[in-house]
Amino acid sequence: MKNPVRWDNLNTRELKALSEQQAIVLLPVGSTEQHGPHLPVGCDNLMATGMSERIAAELNRRGKPCVVAPSIAVANSTHHMSFCGSMTLRAETYMHLLFDYCRSIASHGFRKIVIVNGHGGNVAPTETALIEINEALGFPVYFTGYWKGDKTAQSDILESQTGMIHACEGETSLLWALDEEWIDPIYKETKGNPGYPLEAEEDGTLSTFHRMEAHTENGVMGNAWLASREKGEKMVERMVKGMADVLCDDRLWEQRV
């Protein structure tokens, strides 16, 4: 069934019309990596894309034209590669890919581009890539996480954490709200071991690169067993509204590099 907010579902005439309306373009960036025994390896991409589609639908409902560009489904996941099913790009490959995506979108006249993240490993390379992207395009391409429009949605709703960890109560609940078929019932038995190897890393004094097996044996950080569809639905509703509120501010698009 055709989804009218998806770039890849539209024809060239429809996209030209959106360009002429100066539509907002959401570009989901996720990952393909292990998410424990109970979530699909596409979890981060499924959430970034699904939430982007819901945000776009809400913006369109408010009279703000918006379309969701084809997702980047494989990104920077080197730290997960010891777990079967994970895929990764080198950081520089991901940054070049992101540049070409944004340049392609801008070449058709779109000037309101927002990269919507679904994976923590994308933060550093995306922020680095934005230096060159913004300089080349001449206008600010923004970067956000789909959850950032409502900064207390997770802490208000979740029981064992205040924000996303990995394959945890939060991610399991949120993905469940998007499609219950993605959740394996083994989530009820799944616990993780969040944390860093040393106290100096745990308290933020030092940071370095670690592979996931340094944090957790089963690939999970957090308590998936506390997840529920109801929690996910509440978070989705609040996050979609919050991000739509942010992106409705016309001053965002008046900025110049």
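Here are the numbers:
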read-out: Length added when fully stretched, Ser228-Glu127, from 0.36 nm per residue minus Cα-Cα; value: 33.1 nm
read-out: Under-5 Å amide H pairs with Lys112, H placed in peptide plane, nonlocal only; value: Val25
read-out: Estimated [θ] at 222 nm from DSSP helical runs (n ≥ 4, -39500 (n - 2.57)) normalised by residues in the chain, nearest 500; value: -12000 deg cm²/dmol
read-out: Distance violations [Cα-Cα > 30 Å] among Lys64/Lys191; Lys112/Lys234; Lys16/Lys234; value: Lys64/Lys191; Lys16/Lys234
read-out: Signed unit charges on C-beta, dipole axis of region 19-126, positive-most listed residue Met81, His38, Leu27; value: Leu27
read-out: Between region 200-215 and region 24-83, the Cα center-to-center distance that results, in Å; value: 26 Å
read-out: Degrees, to the nearest 10: 169-178 long Cα axis against longest axis of the chain; value: 50 degrees
read-out: Met87 paired with Arg256, simple spin-label distance in nm, labels 7 Å along Cα-to-beta-carbon; value: 4.1 nm
read-out: Heavy-atom surface of region 198-257, accessible at 1.4 Å and reported per residue (Å²); value: 62 Å²
read-out: Whether region 74-168 is rounded, prolate or oblate, judged on the alpha carbon gyration tensor where a/c under 1.5 counts as rounded; value: oblate
read-out: Prolate/oblate/rounded call for region 139-215, Cα gyration tensor, a/c under 1.5 rounded; value: oblate
read-out: Karplus-derived 3J(HN,Hα), 6.51/-1.76/1.60, for each residue of region 131-139, Hz, glycine and proline x; value: 4, 6, 4, 5, 5, 6, 7, x, 9
read-out: Charge context of Tyr146, other residues only, Cβ under 14 angstrom, K/R +1, D/E -1; value: -2
read-out: Portion, in percent, of the accessible area of the chain that falls on carbon or sulfur, probe 1.4 Å; value: 51 percent
read-out: Label point distance in nm, His96-Thr144, each placed 7 Å from Cα along Cα→Cβ; value: 3.1 nm
read-out: Prolate/oblate/rounded call for the chain, Cα gyration tensor, a/c under 1.5 rounded; value: prolate
read-out: From phi via Karplus (6.51, -1.76, 1.60), per-residue ³J(HN,Hα) for region 29-43 in Hz, x at Gly/Pro; value: 10, x, 6, 10, 7, 4, 10, x, x, 10, 10, x, 5, x, 3
read-out: Long-range HN-HN contacts of Gly145 with modeled amide H, under 5 Å; value: Asn117
read-out: Dipole in debye (nearest 20) - the chain, about Cα centre, beta carbon charges: Lys, Arg +1; Asp, Glu -1; value: 1080 debye
read-out: Cβ charges +1 (Lys, Arg) and -1 (Asp, Glu), total dipole of region 199-245, debye; value: 400 debye
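The values are calculated or read from the model by the stated rules, or taken from the named source; none is laboratory data. Predicted model, so just to flag it, every value in this text is computed and none were measured. Backbone-built Cβ (ideal geometry, glycine too); neighbour counts: all protein chains shown. Only protein heavy atoms, including side chains, enter the accessible area calculation; ligands, DNA and RNA are left aside. Shrake-Rupley method; radii C 1.70, N 1.55, O 1.52, S 1.80 Å.
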